[in-house]
Amino acid sequence: MDTFNKRTALVVKILLWTAIAAFFIWGFSQGMFRQIYEQPGLFLELLGEHVLIIFASGFAAVLIAVPLGIFVTRPAFRRTEWFIVTVANLGQTIPSLAVLALAMGVLGIGVEAAILALFVYSLLPILQNTIAGLDSVDENTKDAARGMGLTNLQILWKVELPNAVVSIIAGIRTALVINIGTAALAYLVGAGGLGVWIFTGIRLFDNSYLISGAVPVTLLAIAVDLLFRYLERVLTPKGLILAREANEA
Amino acid sequence: MIQFDNVNKVYEGDVKAINNVDLTVPDGEMVILIGPSGCGKTTLLRMVNQLETISSGSILLNGEDVTTLDKIEMRRKIGYVIQSNGLFPNMTIEQNMMIVPQLLGWDRAKKRDRFNYLMDLIGLNPDEFKKRFPHELSGGQQQRIGVARALAADPPVMLMDEPFGALDPIIRARLQEEFLQIQREVKKTILFVSHDIDEAVKMGDKIVLLRDGEVMQYDTPAEILNHPKNEFVNEFVGSDRVLKSMSLYTVKDLYKAFTLKPNFESKDIRTINEDTSLRVAISMILNQEADQLVIEDNEGNNHGSLTMDLLEQFLHKEIKGQEG
Ligand SMILES: Nc1ncnc2c1ncn2[C@@H]1O[C@H](COP(=O)(O)OP(=O)(O)O)[C@@H](O)[C@H]1O
Ligand SMILES: [Mg+2]
């Protein structure tokens, strides 16, 4: 059964990679990526805008959501958790287009509006993962720490945060990957990005624009995902990897 | 010394957890808090290091009211051990154990020496375990580290909440023995929560029996077993209390209590060492391994023979004799 599953997985993997390779061969032979090499300057500019929007909004969201997650998990402020999570949730439930429109209403047309919208959009995954990570620390472990005379700050810094780090990074990864896709809509508020080519392609029925815009967006999302998975691995304290393995065994 | 002076604890919602508790844990003694689940053992313990507030009355630590002390500073001078060891999974064994010395700003050499000393004390190889993580250790080893961590900064007082409660019986018995050995060496003032009367009898200099937050009896193990103050204590220690109390005495206590003639009658009679507990002696006789056993001291001298009859006499003299 196990070897059967492995073999199936291998077959699926081979088929997938073949399909991807076939797509790229087809794409290049049909000149579908030609916008990239015909206008490299513009491509880099659009890519730069895309990346700027994602990382500026992501960075701001980390700066706000992580401290917020720490704040609501302090016993004295626990009562505020539902309120803050509900507000963050609101940002998530409103369709991305509407958030963009609202942001434009506040900041007008431009990059700032896109950054604000994606910032709002990133808060929830990072906040929730920060809370989940901090909550995953065993109550007994915290009790022992308090009983031995660690201050609240020392417990946070030496015990809670090291244990929450993986979860927080996973939250940032989720937020960024979602945002890379959503940032394609930034074009609609005049913030540029690779969405410009995608929407041009749609409007002109020109697949070369569409693919020259959409494929780099996809690759960017995959690259960011892999990068953050790698960060998760190297930043996890070794003892916690062992703990997780022990729990799974 | 820990003194409880008319201590009460009422939790939110009017749950009375501790009721007018007065008791003293003398310096260098191990006092066991025991009683049914929910009787307030953990609450009483946690009020000492201020993890719980005191509703009324006072707790004095070496004469000082704990509520007047700096919480953080005080806790660093009290060893704290809990049932689920509470080791930090992200830290190595060495980091775990040296956490309080680290907070107290000890230098590296002092910490290393202390780590090596404590590892020797709990019977684990310092170099082998130093860089390992809690999850690479067995339950018994983790709990040993938990105990050693509490001893790290050499605190005069220890609070232990069912420290061996989660271990299987064989490992638990071994850790109890080891800890008694350690206590003989370090002589800490210890408040130790247990729900196991056998553990309490084995470990305690004194035992506090609690019911619904009230002290039912505070006495030596022998007094609790031999002279239960009321029906509750009697029931709690169990109908085999006389047998349990026999584990408190050794063969040596018995031959010192009588003047026995050395027994040279037969060479093939089985011997029993003077350090054997009377409980074991009884089972040896009941198992019909022998109807008499020749008492031998550690030098191999003959101190006469031990019989069921003699055990009975001792029982009357030592245990029943004190009654009334
Ligand atoms: N934080 C708390 N809030 C309210 N009641 C509590 C709390 N902790 C313990 N209690 C209650 O106080 C009583 C004593 O609890 P505890 O000290 O934990 O008992 P034990 O350790 O002897 O099992 C129980 O009735 C328990 O339900
Ligand atoms: Mg308890």
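Tabulated data
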| quantity | calculated |
| --- | --- |
| Tilt relative to chain B, helix B:169-186 - C-alpha long axis, 0 to 90 degrees, to 10 | 80 degrees |
| Positive-end residue of B:Pro169, B:Met284, B:Val48, charge dipole of chain B with Cβ unit charges | B:Val48 |
| Cα centre as origin, Lys/Arg/Asp/Glu Cβ charges: the protein assembly as shown dipole, Debye | 2080 debye |
| Cα→Cβ-extended label distance, 7 Å offset, between B:Val242 and B:Glu223, nm | 2.3 nm |
| Relative contact order of chain B, defined on C-alpha pairs under 8 angstrom at six or more residues apart (%) | 18 percent |
| Rounded Å value of the spacing that divides the Cα centres of the stretch A:53-115 and the stretch B:203-275 | 68 Å |
| Tilt relative to chain A, helix A:2-29 - C-alpha long axis, 0 to 90 degrees, to 10 | 40 degrees |
| Global form of chain B, assessed from the alpha-carbon gyration tensor, a/c cut-off 1.5 | oblate |
| Other-chain or far-sequence residues with amide H under 5 Å of B:Ala17's (modelled H) | B:Lys9, B:Val10, B:Tyr11 |
| Selection from A:Gly41, A:Val62, A:Val51 lying farthest towards where the dipole of the stretch A:32-81 points positive, charges on Cβ | A:Val62 |
| Spin-label proximity, A:Arg229 to the stretch A:1-39 - amide N less than 14 Å from point 7 Å beyond Cα toward beta carbon | A:13 |
| Lys/Arg +1, Asp/Glu -1 at C-beta; the protein assembly as shown dipole; positive extreme among B:Leu306, A:Ile155, A:Phe24 | A:Phe24 |
| Partner lysines for A:Lys238 [C-alpha distance under 20 Å; skip if fewer than 8 residues away on the same chain] | A:Lys142, A:Lys158, B:Lys130, B:Lys131 |
| Part-to-part distance (alpha-carbon centres) for the stretch B:24-97 and the stretch A:13-43, which is given in Å | 67 Å |
| From phi via Karplus (6.51, -1.76, 1.60), per-residue ³J(HN,Hα) for the stretch B:194-203 in Hz, x at Gly/Pro | 8, 10, 10, 4, 5, 5, 4, 5, 6, 9 |
| Carbon + sulfur, % of accessible area of chain A - ligands and nucleic acids excluded, 1.4 Å | 71 percent |
| Longest to shortest principal axis, alpha-carbon extents of the protein assembly as shown, angstrom | 116, 58, 46 |
| From phi via Karplus (6.51, -1.76, 1.60), per-residue ³J(HN,Hα) for the stretch A:61-71 in Hz, x at Gly/Pro | 5, 4, 4, 8, 6, 5, x, 5, x, 5, 4 |
| Phi-based couplings in Hz for the stretch A:216-229 (Karplus 6.51, -1.76, 1.60; Gly and Pro marked x) | x, 4, 4, 4, 4, 4, 5, 5, 5, 4, 5, 4, 6, 5 |
| Gyration tensor (alpha-carbon) shape descriptor, the stretch B:251-323, a/c threshold 1.5 | prolate |
| Gaussian network model of chain B, springs between alpha carbon atoms under 10 Å - residue of B:Glu214, B:Glu12, B:Glu274 with greatest fluctuation | B:Glu12 |
| Under 19 Å from the Cα of B:Lys187 - lysines, other chains or at least 8 residues apart | B:Lys77, B:Lys202, B:Lys206 |
| Charge dipole (debye, nearest 20) of the stretch B:177-324; +1 at Cβ of Lys and Arg, -1 at Cβ of Asp and Glu | 300 debye |
| Cα gyration tensor shape of the stretch B:38-178, rounded if a/c is under 1.5, else prolate or oblate by comparing a/b with b/c | oblate |
| On Cα atoms only, tilt of B:108-121 relative to the major axis of chain B in degrees | 30 degrees |
| Projected label distance in nm at A:Leu153 and B:Asn116, using a 7 Å step from Cα toward the beta-carbon | 3.5 nm |
| Net charge dipole size for the stretch A:39-248 [Lys, Arg +1 and Asp, Glu -1 on Cβ; Debye, nearest 20] | 320 debye |
| Within a Gaussian network of chain A (alpha carbon springs, distance under 10 Å), most fluctuating of A:Pro75, A:Pro162, A:Pro67 | A:Pro75 |
| FRET efficiency for B:Glu235 and B:Asn287, using Cβ-Cβ distance with R0 set to 25 Å, rounded to 0.05 | 0.30 |
| Rg/Rh (Cα only; Kirkwood hydrodynamic radius) as it applies to the stretch A:43-117 | 1.08 |
| Virtual spin-label span in nm between B:Asp212 and B:Asn8, 7 Å along Cα→Cβ | 1.6 nm |
| Radius of gyration, Dmax [the stretch A:39-248; alpha carbons; angstrom] | 19.9, 69 |
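The values are calculated or read from the model by the stated rules, or taken from the named source; none is laboratory data. Only a predicted model underlies this, so the values are computations on that prediction, with no experimental measurement involved. Counting neighbours? That spans all protein chains shown, and the Cβs are built from the backbone with ideal geometry, glycine included. Remember, those area values only see protein heavy atoms, side chains included, never the ligands or the DNA or RNA. Shrake-Rupley method; radii C 1.70, N 1.55, O 1.52, S 1.80 Å.
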